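Working notes, structure below.
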Amino acid sequence: MAKRIEATDVTAYYGGFKAIENINLTVEPKTVTALIGPSGCGKSTFLRSINRMHEVLPGARVEGSLTIDDQDIYDRDVDVTAVRRMIGMVFQRPNPFPTMSIFENVVAGLRLNGVRRKSILEEAAEKALRSANLWDEVKDRLGKPGAGLSGGQQQRLCIARTIAVEPQVVLMDEPCSALDPISTLAIEDLMFQLKDKFTIIIVTHNMQQAARVSDRTAFFSIEKTGDPGRLIEYDNTQKIFSNPSQKKTEDYITGRFG
Amino acid sequence: MGDTPQRSAHAGTGGTTVATSHGWPAGASARVAEPSGNPGTPGPGGGDALPRAKAFGAERAFRGLTLAAGTFVLVVIAAIAIFLIAKAVPALRANSESFWTFEGWFPNDNPPKFGIGALAFGTVLTALLALLMAVPVALGIALYLSHYAPRRLGNGLGFLVDLLAAVPSVVFGLWGRDYFAQPVADLSAWLNRYFGWIPIFGDGPYGNSILLGSVVLAIMVLPIVTSLSREVFRQTPTANEEAALALGATRWEMVRTAVLPYGRPGVIAAVMLGLGRALGETIALALTLGSTYAISFNVLASGGNTIAANIANRFAEANDTGRGALIASGLVLFAITLIVNITARAIIYRRREFTESAA
């Protein structure tokens, strides 16, 4: 249940603005890949183009090729909703559906896929909540609103919602930036467990976090404001943080820039 | 939230003046951050003895002003209620038939005879029929404008819908009576021929019927329900819409999972406002209904009447008792509106746990 993502010459635009240019990288199954870099360097744009969420914004488009196990994600005949089911996403701010209970939030994706049987939904909800390390905290109040949980719990609820549909790949867009250190730790632990089953790509501003959780790290950067973001270096996390081959990477890692 | 740093800044320089900080602009507290080592020129944060709270200032004056405004509403409502009841009671005393069940309106006769039953029935029936027709269309338009139409087209169409709300009701009434009556009569004949087995689609004569009145009314409540719902739908957090899309929802599924549940309380409020307008609508219904005093579920036949339309039709000819009778009917309309509003609040309140966290 994990697939390889391969990006070839991916370029993404917001209207006339070129946000990223010629990104080439391959993400292996069952690994955690961290995307790091200064603000505005296009990490999130690249992440969002992997599950075709980039094109949701008016005027946004993607060029180049993105494949998941050699199937073209951007093929004209591909069903966008199928891509997004295969490649789940967790957002920067916890965004549980405010009108739904905890249970309904977790099974929202399954319901969208037409699952109606209560027993199946309950089983899937428990499994997803257990995987997200949230089950013990919420098992007695599954009927309560999801928005009533703490920020960290909400984010884990969103992770449970994402993995409940059993995607192949999970994208995380700065999942801990709105959370306190303890909740952050809980989610990092979670990522370790999840990579047994999923391919995980995470955007983070926190370099310690990238170093802690990821197997591979991609460093994105821009020349100056208004220029498209580029992939500067992509290597094993160990290598990036101890002995990067690019000067720019080293400057960023050591805090001299960005 | 915002005043927390301000409070600590004051505390740091010895001034607990937060509670009475009238004397200086709120932003000034930023300057307190300078070291207060120079007691010669105390900043807004103080440094000298604690100043006394002002006995009278803009703060209190404004508070009094808002209190007065709030009280004024209550006084006006009480005054109106007393006036209406005082006028209505003598007429109700003089009524020689049951006010609730008598089907007719002869308050000028001797003895006076009038009953509210048929009017109240007609009021509720036309309003409900109008909502039944208007709400689905209004929600469709609202969703199209907020989530489907290209932005420019959406704004233009939204403006047109708002324009519809600005048309005076007498214009709708005249249009309904003079131009729309014939098509509705044809439609009535058709409905009766093919769906006559449903009791509400009874025999004619077709003309100024409840159907005509409620169709005109539906067009009138359409804009208010549409523009309020559109605003509510627009406020759906992007984060929730993206969450639904990222789970693999199609556009319509996204609307169903994120937009509609989020907008539910607002839509209920919009429908209730539309219902309020429908219940109270006067002149358009006075022109398009048949002004009869019988309770009938046949929406096609000429007839129908509402409390407000009856007041408009009968006020000119009314004597003292007649006016009192009309005022009594107005009180009943008020009660109906009140019940509707309380019901709506109850519906919203029942789900407060979810709607509050949504806000």
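A few remarks follow.
- FRET efficiency, 1/(1 + (r/R0)^6) with R0 25 Å, evaluated for A:K30 and A:D180 via beta carbons: 0.30
- Calculated [θ] (222 nm, deg cm²/dmol) that DSSP helices of n ≥ 4 give over chain B, each run adding -39,500 (n - 2.57): -20500 deg cm²/dmol
- Fully extending the segment from B:Y144 to B:I198 would add 16.1 nm, taking 0.36 nm per residue of separation and subtracting the current Cα-Cα distance.
- Restraint check, A:K30/A:K127; A:K224/A:K248; A:K30/A:K247; A:K18/A:K247, Cα-Cα greater than 21 Å: A:K30/A:K247; A:K18/A:K247
- Considering only B:G57, A:A128, B:A269, the residue lying farthest towards the positive end of the dipole of the protein assembly as shown is B:G57, judged by Cα position with unit charges set on Cβ.
- Among the trypsin sites (Lys or Arg not before Pro) in segment A:171-258, those placed in a DSSP loop whose Cβ has at most 10 other Cβ atoms within 10 Å are A:K224, A:R256.
- Modelled label positions at A:R130 and B:E97, each set 7 Å beyond Cα in the direction of Cβ, lie 7.3 nm from each other.
- Here the Debye sum runs over all C-alpha atoms of segment B:113-358 as equal scatterers in vacuum, and log10 of I(q)/I(0) at q = 0.15, 0.16 Å⁻¹ comes out as -1.06, -1.14.
- For segment A:46-81, the residues whose backbone nitrogen is under 14 Å from a point 7 Å from the Cα of A:Q92, taken along Cα to Cβ, are A:46-48.
- Extension gain from B:Y349 to B:A61, taking 0.36 nm per residue of separation minus the Cα-Cα distance: 100.2 nm
- The mean count of C-beta atoms from other chains within 10 Å of the C-beta of residues in A:96-106, rounded to a whole number, is 5.
- Normalised contact order of chain B, rounded percent, pairs of Cα under 8 Å and 6 or more residues apart: 21
- The eigenvalues of the Cα gyration tensor, multiplied by 5 and square-rooted, give the protein assembly as shown an equivalent ellipsoid with semi-axes of 60, 37, 22 Å from largest to smallest.
- If you plug the beta carbon distance of A:K247 and A:D77 into 1/(1 + (r/R0)^6) with R0 = 56 Å, you get a FRET efficiency near 0.80.
- Chain B - charge dipole about Cα centre, Lys and Arg +1 at Cβ, Asp and Glu -1, debye rounded to 20: 580
- Using a Förster distance of 25 Å, the FRET efficiency for B:V73-B:A316 (Cβ separation, nearest 0.05): 0.20
- Charging the Cβ of each Asp and Glu at -1 and of each Lys and Arg at +1, and nothing else, the dipole of segment A:1-103 about its Cα centre rounds to 500 debye.
- The relative contact order of chain A comes to 28 percent, based on Cα pairs under 8 Å that sit 6 or more residues apart.
- Only helices enter this figure: runs of n ≥ 4 DSSP H residues, each worth -39500 (n - 2.57), summed and divided by the residues of chain A, yield -10000 deg cm²/dmol at 222 nm to the nearest 500.
- Normalised by 2.2 N^0.38 Å, where N is the number of residues, the C-alpha radius of gyration of chain A stands at 1.00.
None of the figures in this text is laboratory data; all of them are computed from the coordinates on show. Model, not experiment: these values are computed from the prediction. Quick reminder, even Gly has a Cβ in these numbers, built from the backbone with ideal geometry, and neighbours come from all protein chains shown.
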